[in-house]
Amino acid sequence: MFLRGHFKFCVNCGAALTYNIPAGDNRERAACTACGHIEYENPRNVVGTLPVYGDKVLLCKRAIEPRYGKWTLPAGFMELGETTAEGALRETIEEAGVIVTLQGLYAVLNVTRVGQVHLFYRAQMHEAKWNPGVESLEVGLFAEHEIPWEELAFRTVSTALRCYFEDVKRGAFALHTQDIT
Ligand SMILES: [Zn+2]
């Protein structure tokens, strides 16, 4: 699948970018018509956690678009200069006000339609306390039967949660990799 990015102007000189296949390349790139700069566009990583307290999982109700008012796991775009684990911890603090202990990478989910890879860590909460950040309307703990399945924000979130509760029943946690199509 070819996903065309959203860059319109050259970061070097400000001239218009046009999409064509550069010599020696094999796919269309956003190339500058004036200076020849090529703007390479690659998938972005979304990192987050699946915070667990007892038999419950923490979810955040989104206070931002897209999917305002829907429930999600704490997650967001990875920043330059941080590791995936650091990004996951940061997002959990920013969105839920919860400090967790990571228990290993749990899900790697490709969302090629939007050019993203979502990575979720299983994470242990140490107390049932939180402090919703500006991106969250509210935060809560949910047992499996309490999960608002129809009100989840993203398919990556529902996929990670379904895997988690299946693994709980199995009594073993494995790394899950899936392509969200
Ligand atoms: Zn240029």
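The values are calculated or read from the model by the stated rules, or taken from the named source; none is laboratory data. For clarity, every value in this text was computed on a predicted model and none was experimentally measured. Don't worry about glycine lacking a Cβ; one is built from the backbone with ideal geometry, like all the others, and counts go over all protein chains shown. Note: accessible area is taken over every heavy atom of the protein model, side chains too, but ligands, DNA and RNA are not part of it. Shrake-Rupley method; radii C 1.70, N 1.55, O 1.52, S 1.80 Å.
When each of Ala30, Ala34, Ala23 is tested for being in a loop (DSSP other than H, G, I, E, B), among the hydrophobic types (A, V, I, L, M, F, W, C), touching a residue at least 24 places away in the same chain (Cβ under 8 Å) and farther than 14 Å from Glu95 by Cβ, the lone residue that passes is Ala34.
Restricting Gln178, Gln124 to residues that are open to solvent by 50 Å² or more (accessible area, probe 1.4 Å) and in contact with a helix residue (DSSP H, G or I) (Cβ under 8 Å, 6 or more places away or on another chain) narrows the list to Gln178. Listed by position, the strands (runs of 3 or more DSSP E) contained in the stretch 43-104 that have at least 1 residues being more than 13 Å from Val139 (Cα to Cα) and of a type in the set (Val, Ile, Thr) are 44-53. Filtering the stretch 128-169 to residues that are among the charged types (D, E, K, R) and in a helix (DSSP H, G or I) leaves Glu144, Glu146, Glu150, Glu151, Arg155, Arg162, Glu166, Asp167, Lys169. Being open to solvent by 30 Å² or more (accessible area, probe 1.4 Å) and without any contact (Cβ under 8 Å) to a residue 24 or more places away in the chain is a description that applies to Glu79.
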